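Here is the structure we will look at.
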Amino acid sequence: MGGSEASGRKQRTDSADRAFTLSSGLAALGIVFGDLGTSPLYTYQTIVGTVGGHPSPEDALGLLSLVVWALIIIVSVKYCIFVMRADNRGEGGILALMALVTTGKGGRLSAGLIVAGLFGSALIYGDGVITPAISVLSALEGINVATDVFKPYVVPAALLVLLGLFAAQAKGTAKIGRIFGPIMLLWFVTIAALGTTGLLRRPEVIGAINPLHCVRFIVAHGWHSFVVLGGVFLAITGGEALYADLGHFGRKPIRSTWYFVVLPALLLSYAGQTALLLENPGIQGNPFFKLAPHWAVIPLVVLATLATIIASQAIITGAFSLTRQAMQLGWFPGLNIRQTSDEEYGQIYVPVVNWVMMVCTLLLTFSFGSSAALAGAYGTAVSTTMLLTTFLLFSAMRDIWGWRVAVALPTSLLFLLIDFGFFSANLLKIREGGWIPLLLALLIFILMTVWHRGTEALHRSQAQRPESNDAFLASLNSGKITRVPGTAVFFNRSETAIPDVLVRHVAQFKALQETVISLTVRFDEVPRVAWSERAAVEQTADNFWHVTVRFGFIERPNVVAALASAMEKGCSLDLDDAVYFASHDDVVRSPNPPRLRSWQRMLFAVMYRNAVRSPDRFDLPADKFLEVGRQIAL
């Protein structure tokens, strides 16, 4: 009897696990696979153009073979099997990977890994402004297959769609996000069905699975193969999203959805387009839309537009999440972040990032005017990110998984060789517009490094000598400082128990509240901090506590809730009566040897002055928050 009950529980557990995987996989279709899923709209058209528009049968099979093996090696093997294993307590993304492999390290190796992680994350913003433009343009251009009447209106229509997409971000996508998965499932079923129709007419394209076709094509075309690889890379540009969204869905749903839905649909779509070229060597226009019957072109354009909007939404949301991670790891100034859903933590809105991305995307769409032209600017950022991810992955293999050099080095070198090939191929696109995402990434990288260096200099300038703390505590314990009713929470940027803002408060008012909290807020290099570890409490004087609260780099920092955790550890305070104090600093030039170069100090001062205030970042009651101004010499 016991055995049958255990068997029944196991069956119910397995059934629940399958249901969870299916529901998460469906949701992942609408968030994780948008970029990869819409790549058939422009990839094959681009690579066919690199060989003159009319490839020979052998060249056509070579092109298809390159796409097939790029999807298998980079996405199916590198990301699904290896990179997704390098999670930071369940969270993925290049910043999470950087935090994982650099924790506890120092020296030049750590500095190199940090630079790789930071520049790789900055490159994601560069990719984020091009992906919506090329995706929406390629979808709307499909209407030209049915009629040329709307050709002059494709770019204006794309601008309107993109404008509406960015304008809608402030309202959030929690409600309409529920239909993203079913729409993308319909999309994958559709492109698989269209690809199958072409494949059935020319089944010999299945032979492209033989990697010899790749080798023969590269040998036959020599250095021109690098130009072709730049186009082939468009098929895998969304691979990084599998890792970045790991924390939302987990490994199993993402891997299962890729292997059983997305990969087969993509392979069938590319195979069908190749079959169409073999059957009609002189065909003109985008082979993706040419696969559809004439009557189905307009419905396909509508579905493609919806799919590209969903893909663009995923990129924008990813940029918002990346911004929050960078802020809380100390690499970005505080920005206004709005939670657009009470139920889904990942549903956030960052106005500054949204509007900057919108302006850049609209300018690119208007300037380039077609998906074919934008293909020249697309790929440089992502290929560089993938290359940097491989460097970080090698460190994870050695330091986190404990692999021997004899195993880790050959595996990493294989990925590095392929990544470097794609990276080199995309460098050829720099003159065609590839410099745009690289320049944007460089600017963001400079902002991140200057902010981090400036905040470190700021903390060093605020550090007090231990004897000054002892003197203040002696005055406090001796009764020289008058205590008045009330609770005061002083934000503390230094490691010492006595923040400078508290000392100045006492100097100005000659008194101190009866209950005092010196509050230090830290963001750890882990995604989440357990409630039991949220607060550390140290009593330094009568009714005086130094409380250190910790948050993970993806958590929403609620200081009031964290102080409630401190109360469970012996800190006696009345949260309803608490008033919060923080310093509002103005950065000026130091008369002593400056800690920052002039241009760095000016840039940091601008960012610091415009960073979001503590009430907005830490969910503090604005009517109980006071700032004290002062000048900091750097």
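Only the coordinates and a few stated rules stand behind these numbers; no lab work does. Just so it is clear, the model here is predicted, and its values are computed rather than measured. All Cβ positions, even for glycine, are placed from backbone atoms using ideal geometry, and neighbour counts span all protein chains on display.
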Note, Leu246: beta-carbon cut-off 13 Å, +1 each Lys/Arg, -1 each Asp/Glu, net +1
Sorted from fewest to most neighbouring beta carbons within 10 Å, what does the list Cys571, Cys214 look like? Cys571, Cys214
For the chain, place one equal point scatterer on every Cα, skip the solvent, and apply the Debye formula. What is log10 of I(q)/I(0) at q = 0.07, 0.13 Å⁻¹? -0.51, -1.37
Which values of log₁₀ I(q)/I(0), to two decimal places, follow from the Debye formula for the stretch 538-594 at q = 0.12 Å⁻¹ with a uniform point scatterer at every Cα? -0.47
Using a simple charge model, +1 on the beta-carbon of Lys and Arg, -1 on the beta-carbon of Asp and Glu, nothing else, what dipole does the stretch 181-273 show about its Cα centre, in debye to the nearest 20? 180
In the stretch 401-479, the trypsin sites (Lys or Arg not before Pro) that sit in a DSSP loop and have at most 16 other Cβ atoms within 10 Å of their own Cβ are Arg404
Among chymotrypsin sites (Phe, Trp or Tyr not before Pro) in the stretch 205-295, those in a DSSP loop whose Cβ has at most 12 other Cβ atoms within 10 Å are Trp223
Taking only DSSP H segments of four or more residues, each worth -39500 (n - 2.57), what value at 222 nm results for the chain once the sum is divided by all its residues, to the nearest 500 deg cm²/dmol? -18500 deg cm²/dmol
May I ask you to sort Ile446, Ile74 by Cβ crowding, counting other Cβ atoms within 10 Å and putting the fewest first? Ile446, Ile74
To check you understand DSSP bridge types, tell me what percent of the beta bridges within the chain (both residues inside) are antiparallel, rounded to 5. 25
Below 22 Å Cα-Cα, how many Lys pairs turn up in the chain? Only count pairs eight or more apart in sequence, or on different chains, if you could. 5
What is the Cα coordinate range of the stretch 208-319 on the first, second and third principal axes, sorted by size from largest, in whole angstrom? 43, 39, 26
What percent does the relative contact order of the stretch 463-633 come to when contacts are Cα pairs within less than 8 Å and at least six residues apart? 21
Which listed residue (Ile517, Phe119, Val506) has the Cα farthest towards the positive end of the charge dipole for the chain, taking +1 on Lys and Arg C-beta and -1 on Asp and Glu C-beta about the Cα centre? Phe119
Apply the Karplus curve 6.51 cos²θ - 1.76 cosθ + 1.60, θ = phi - 60°, to the phi angles in the stretch 264-276 and return the couplings in whole Hz, x for Gly and Pro. x, 5, 5, 4, 5, 5, 5, 5, x, 5, 5, 4, 4
Computed over the Cα atoms of the stretch 463-633, the Rg and Dmax in Å are 16.8, 47
Under 5 Å between amide hydrogens, which residues at least 5 positions from Gln513 or on another chain qualify, with H placed 1.01 Å from N in the peptide plane? Val484
How big is the charge dipole of the stretch 23-453 about its Cα centre, in debye rounded to the nearest 20, if each Lys and Arg gets +1 on its Cβ and each Asp and Glu gets -1 on its Cβ? 680
DSSP-loop GluC sites (Glu not before Pro) across the stretch 504-611, with at most 15 other Cβ within 10 angstrom: Glu568
Excluding Val227 itself, calculate the net charge of residues whose Cβ lies under 11 Å from the Cβ of Val227, where each Lys or Arg counts +1 and each Asp or Glu counts -1. 0
Once you list every other residue whose beta carbon is under 12 Å from the beta carbon of Gly552, what net charge do they have if Lys and Arg are +1 and Asp and Glu are -1? +2
